[in-house]
1. Would you calculate the separation in nanometres between label points at residue 21 and residue 122, each defined as 7 Å from the Cα along the Cα-to-beta-carbon direction?
2. With r defined as the distance between the Cβ atoms of residue 30 and residue 89 and R0 fixed at 45 Å, what FRET efficiency is calculated, to the nearest 0.05?
3. In the P(r) worked out for the range 19-164, what percent of Cα pairs fall beyond 26 Å?
């Protein structure tokens, strides 16, 4: 009898604790899409990307002109077999440099994006964490992640978060 009474008390305390939990959700996609610093970071990233693309275009233009010059010389018959092999090897190396540059561009852009977005995302995370603590939320979910199945509109914290970070 004593064990049943203890179990009943534990169940009641557990049920009460579960009812005391407060849940909320935000749409991080919406918050970030409207964040002015994200817009600035996007513009800076686009400028950086365009600079790298321009460098790549210059490399390709240079390669194409060297290739066309090689083809013209080869068609005229002014190159020996050894000279043709040397020029082909040089063109092949230049083509590999272009391919390597394309890979580096992707890496540089990803690194730049991370560098630009990290402080913004950190500020939003800290503010969301502070809001959750101050207002007593047990969990705050991200509705834009697609895992929120149901939520009461009164617990949508997106507008609160946006006002707290100045959007």
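1. Between residue 21 and residue 122, the simple spin-label model gives 3.1 nm.
2. For R0 = 45 Å, the calculated efficiency reads 0.25.
3. Of all Cα-Cα distances in the range 19-164, 54 percent exceed 26 Å.
Since every read-out is calculated from the coordinates, none of them should be taken as a lab result. Predicted, not measured: the structure shown is a model, and the values here were computed from it. Ideal geometry is used to build each Cβ from the backbone, glycine not excepted, and the neighbour counts take in all protein chains shown.
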